[in-house]
Amino acid sequence: MSQFSLKTELPAGITGISNLFLDYYMPKANGEYVKVYLYLLRALSLPSKDLSVTALADALDHTEGDILRALKYWEKQQLLRLEYSSPKELQGIWLLKIPAPDDVTEPLNQSPAAPVQPAERIQPKEKKKSYSHEELALFADQAECRQLLFVCEQYLNRPLSSPEIETFLYFYDQLHFSPDLIEYLVEYCVCKGSSSIHYIEAVALAWAEAGISTVSAAKERTTTYTRGTFAIMKAFGINDRNPVEPELKYIEKWLTSYDFTLELILEACKRTMDRLHKPRFEYADGILQKWASQNVHHLEDVKALDSEHQKRGRPAKTAPAAKATGFTNFKQRDYDFDRLEEQLLKSQTAPASSRPSSDT
């Protein structure tokens, strides 16, 4: 791409950042967009510096598509004006005086007194937009979008359906994920054994809520998550396969939704195996839900609960025996609870014609 000039209505000579920008515009924006705007401010004091979309992309380690999206975002926020020599040839950028909120066409949701949370940079809970045929055609005209969808098809090993295409465009257009981040997202989910678009979207929303906007940040998060997943599978005695999608949902819930240490999650897995002698994710989830309701966060909290339970438990075996009665003389039966559970499950899944009649 050709070079462009950089002009401003702001005072030159210093790299000053307006409080209006810090209070009202920065909290709302994607972090990568903020980097582009700050770089342009710095470039004002370097008039001899050659500027182009390619140069900005190289300097900030972005794609040219990332730079163009950032420029268009700030133009929409009325912080700069783009000048073109042709419909696709950028020749100049005007950095404008930052408008106060009352002067902004679209009111900002942020208040300068409100605490700024990282997850507020992206609005993942916004209703997913349904794209018209015209909008889809505009995306199809962008080489970056075509390449992104092609790469996703390769990872998923199937042609993308219309809902899947709209979901990936939702990541790109509304969550403001870069193509590199979306590609890593799909690669990560497929490597974990899940190519479901619903699971991929769930992971994307979790990343957005966590304020993740770069591949490096996603890799840091997934490294921690992968270690936890491996440890949980090992605690269940599963070493010969990856977790399947229902298991992944439980693991994701335990590692991200609950304020639990990994040590505590592994203790729930251990207790499941001690009780059932088989890996049951739903049983372990029941244990963890109970602990969550009891405000348990660490293994020490569980030990305290166990100690309290023992104090309220049955008398010790050395206590005097109760007087024999007709009931105490009754011979207790030894039940195989695992076998009974298996029979119960079989009866629930058996065809109606094969079940015993309830009329007898």
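The values are calculated or read from the model by the stated rules, or taken from the named source; none is laboratory data. None of these values were measured; they are calculated from a predicted model. Don't worry about glycine lacking a Cβ; one is built from the backbone with ideal geometry, like all the others, and counts go over all protein chains shown.
Observations on the model:
- Taking the conditions (1) outside any helix (DSSP H, G or I); (2) outside the structural domain of Val244 (by TED's automatic domain parsing) in turn, Lys278 satisfies each one other than (2).
- Filter pass, Leu20 being hydrophobic (A, V, I, L, M, F, W, C), part of a loop (DSSP other than H, G, I, E, B), modelled with pLDDT under 85 and out of contact with any Ser or Thr (no Cβ under 7 Å at 6 or more places or on another chain): no
- Matching helices (runs of 4 or more DSSP H) fully within the stretch 153-236 where at least 1 residues are within 30 Å of Met273 (Cβ to Cβ) and among the basic types (Lys, Arg): 215-235
- Matching option when the condition is in contact with a Pro (Cβ under 7 Å, 6 or more places away or on another chain) and under 12 Å from Ile197 (Cα atoms), among Glu153, Glu164: Glu153
- Set Lys219, Lys192: member being over 21 Å from Arg69 (Cβ atoms), of a type in the set (D, E, K, R) and buried (at least 19 other Cβ atoms within 10 Å of the Cβ): Lys192
- The listed residues are Pro115, Pro107, Pro87, and the only one of them that is in the same structural domain as Leu51 (by TED's automatic domain parsing), surrounded by fewer than 15 Cβ atoms within 10 Å (Cβ to Cβ) and at pLDDT below 85 turns out to be Pro87.
- Qualifying residue in the stretch 242-253 (condition: over 30 Å from Asp301 (Cα atoms) and not β-branched (Val, Ile, Thr)): yes
- For the stretch 222-242, a tally of residues being under 18 Å from the mean Cα position of the chain (by Cα) and either surrounded by 16 or more Cβ atoms within 10 Å (Cβ to Cβ) or modelled with pLDDT of 90 or more (or both) returns 4.
- Count of the stretch 183-217 residues which are more than 14 Å from the chain's Cα centre (by Cα), closer than 20 Å to Phe150 by Cβ and of a type in the set (D, E, K, R): 2
- For the criterion of being in contact (Cβ under 8 Å) with a residue 60 or more places away in the chain, surrounded by fewer than 17 Cβ atoms within 10 Å (Cβ to Cβ) and of a type in the set (A, V, I, L, M), Ala210 passes.
- Taken as a whole, the stretch 168-180 holds no residue that is closer than 25 Å to Leu262 by Cα and of a type in the set (S, T, N, Q).
- Residue match in the stretch 205-225 (condition: among the basic types (Lys, Arg) and farther than 14 Å from Leu185 by Cβ): no
- Residue that is modelled with the highest pLDDT, among those in the stretch 243-275 that are assigned to a helix (DSSP H, G or I) and of a type in the set (S, T, N, Q): Thr272
- Condition check for Thr261: surrounded by 12 or more Cβ atoms within 10 Å (Cβ to Cβ), hydroxyl-bearing (Ser, Thr, Tyr) and free of Cβ contacts under 8 Å to residues at least 40 places away in the same chain: yes
- Residue count, the stretch 139-156 (criterion: farther than 19 Å from Ile67 by Cβ and at pLDDT below 90): 1
- Some residue of the stretch 215-229 being assigned by TED's automatic domain parsing to the domain that holds Glu144 and touching a Pro at 6+ places or on another chain (Cβ under 7 Å): yes
- All conditions in (1) within 30 Å of Ser196 (Cβ to Cβ); (2) at pLDDT 65 or above hold for Gln123, with the sole exception of (2).
- No other residue among Tyr33, Tyr39 is surrounded by 13 or more Cβ atoms within 10 Å (Cβ to Cβ), within 27 Å of Ala206 (Cα to Cα), among the hydroxyl-bearing types (Ser, Thr, Tyr) and at pLDDT 80 or above apart from Tyr33.
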